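Novice: Encoded as structure tokens, here's the structure I'll be asking about.
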Amino acid sequence: MRKALRWLLTLAVLIGTVGTAGAATAAEPEAHGTGATTDIKDQLLAVPGMSLIEEKPYTGYRFFVLNYTQPVDHRHPSKGTFQQRITVLHKDVSRPTVFYTGGYNVSTTPRRSEPTQIVDGNQVSMEYRFFTPSRPAPADWTKLDIWQAASDQHRIFTALKKIYSKNWISTGGSKGGMTATYYERFYPRDMDGVVAYVAPNDVVNNEDSAYDRFFAKVGTKECRDRLNAVQREALVRREPLEKKYAEYVTTEGLTFTTVGSLDKAYEAVVLDYVWGFWQYNLLANCGDDELIPPNAKTATDDQIWNSIDTISGFSAYADQGLETYTPYYYQAATQLGAPTIKFPHIERKYIRYGYQPPRNFVPRDIPTRFQPYAMRDVDTWVRNNARHMLYVYGQNDPWGAERFRVDKGAKDAYVFTAPGMNHGANVAGLVADQKAFATARILAWAGVPATAVTEAKPLAKFDRQLDVRDVEREPTLRP
């Protein structure tokens, strides 16, 4: 899978919000059975392998950035360790705990995921292995797979469950939703519930027609035509716009060793454009003439350039844009898979490379081999064994074209779609009855059931800082 809009997915970090620290009482030292009071920081640092990076203040909470010693290979723990960053947003050990990961780097700013707001609980957040600085040295890339990452979560949970003994729910958005799913597949007895947002599910990597069907119907014909025209025009005007790109590259000091050439990078950015729009915009944004030129043929080169750059980002496939996401591209090339879509509105003569495989975005000195069974195994398990799992997708999000589903073998598991929403879909965006039902199930899984489904609502009020959706400049089209 590739990646979209630089306004990215710490959206996943907070893929949905609803609550305020105002509802939270100040986090105090915790009392234990002996009558003694032990500070939560001391409890955390008493965990073998745990060390403090820093503590940051936040009203009503304690927030810790920590390192936790993990085996490089959970099958052979004696063969080396690395330091994995985690954060703990502590409220009270008497509250439930939400285990969050976005599947990438962890935010070191206090933040609260939607389930954390709903249950008014603690939040443990994990940085995904191999995202710096949580990368073994030297890096044995064969140890970057979904089982090893799930085992990271299992060890953290096992260590912290002794402190946070109430119910646990895992969550994450996009790749984080995938991560929460894989964790549940390999360690189904750890969590009391799973809330996975906008989680892609590329079961058969070479069969991607669902994406083509999505792009043929998403939004309105007027909007689709407008976006398609700008994308096509960017390839028709390849020569003058690549000259502009070359100037940009020189000014920014960008290089293309991994992808191979400026020409390949340019086409990759342009082909991400329509996908990127739907991933992070709403249908209403299609009418923004500054964002999407209304007439691509009469638009200036600058207008075409600015539209592509705003939505896709011309630095996305430069070495400097790819480097942070090497672990993601490696996983896409080895287990996760990646979409390939067709462009019926663009004549073949204008497309030289098409959607490039993720292997093209991994440095050549890192070998990859695709494992087609990995996603099939997870998909089969979810369909037949999902328990206390909730999936939320956005109606207009391309990644939802291939999604997780639950069959008769699943119990207390659900898949909902938020109307009109994009890759930021959340429980709050569901229709009223589904929103109330989903909220009630999350509360029940957390051990704090609502009095009635129709009355179910988040236990914490909205907090402008904790529940903000971060806006980051990132490369295009990653989940």
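Every read-out reported here was derived from the displayed coordinates using simple, explicitly stated rules and does not represent laboratory data. The structure presented is a predicted model; accordingly, all values stated were derived computationally and were not measured. Because the Cβ atoms are built from the backbone with ideal geometry, glycine has one as well, and the counts that use them run over all protein chains shown.
Novice: Taking every pair of distinct Cα atoms and averaging 1/r, then inverting, what Kirkwood hydrodynamic radius in Å comes out for region 143-242? The partial results should precede the final answer.
Specialist: Values: mean 1/r = 0.0583 Å⁻¹.
About 17.2 Å, per the Kirkwood formula over Cα pairs.
Novice: For a label point 7 Å from the Cα of residue 75 along Cα→C-beta, name the residues of region 360-379 whose backbone N is under 13 Å from it.
Specialist: It comes to no residues whatsoever.
Novice: For region 201-262, compute the orientation-averaged projected area of the C-alpha convex hull (one quarter of its surface), in nm².
Specialist: Details: hull surface 27.2 nm².
Projected over every direction and averaged, the Cα hull of region 201-262 covers 6.8 nm².
Novice: Rounded, prolate or oblate, given the Cα gyration tensor of region 345-415, with a/c below 1.5 counting as rounded? It would help to have the intermediate numbers written out before the result.
Specialist: Numbers: a/c = 3.30, a/b = 1.68, b/c = 1.96.
Taking the square roots of the gyration eigenvalues as a ≥ b ≥ c, region 345-415 is oblate.
Novice: Considering Cα pairs under 8 angstrom that are at least six residues apart, work out the relative contact order of region 171-250 and quote it in whole percent.
Specialist: Relative CO of region 171-250 lands at 23 percent.
Novice: Take peptides 409-420, 209-220 and line them up by average Cβ neighbours within 10 Å, highest first, as a rough protection proxy. Walk me through the intermediate numbers first.
Specialist: Numbers: 409-420: 16.9, 209-220: 15.2.
Ranking, from highest mean packing down: 409-420, 209-220.
Novice: If you work out semi-axes √(5λ) of the Cα gyration tensor in Å from the coordinates, which of [x] 59, 22, 19; [y] 38, 25, 21; [z] 45, 26, 22 do you get?
Specialist: Here the calculated entry is [y].
Novice: Tell me what the chain gives for mean residue ellipticity at 222 nm when only DSSP H runs of n ≥ 4 count, each as -39,500 (n - 2.57), the sum divided by the residue total, rounded to 500 deg cm²/dmol. Please report the intermediate quantities before stating the final value.
Specialist: Details: 15 runs with 149 residues, N = 479.
The helix contribution divided over the chain gives -9000 deg cm²/dmol.
Novice: Using packing as a proxy for protection, rank 260-273, 109-122 so that the peptide with the highest average count of other Cβ atoms within 10 Å comes first. Mind dumping the intermediate values first?
Specialist: Numbers: 260-273: 21.6, 109-122: 27.7.
Highest to lowest by the protection proxy: 109-122, 260-273.
Novice: Also, I was wondering about something else. I'd like to verify something in the chain: which complete DSSP H helices, judged by Cα projection on the helix axis, reach 15 Å or more and average at least -0.5 on the Kyte-Doolittle scale? List each step's numbers first, then the result.
Specialist: Numbers: long enough: 146-160 (21 Å, 0.03); 175-186 (16 Å, -0.85); 221-236 (22 Å, -0.80); 238-252 (20 Å, -1.47); 301-311 (16 Å, -0.58); 373-385 (17 Å, -1.06); 432-445 (20 Å, 0.22).
Qualifying helices: 146-160, 432-445.
Novice: Distance from the Cα centre of region 387-424 to that of region 255-269, in angstrom?
Specialist: Distance between centres, Cα-based: 34 Å.
Novice: How long is the gain from residue 290 to residue 246 if the chain were fully straight, where each residue apart is worth 0.36 nm and the alpha carbon distance is subtracted?
Specialist: Working: separation 44, 0.36 × 44 = 15.84 nm, distance 2.37 nm.
13.5 nm is the gain from fully extending residue 290 to residue 246.
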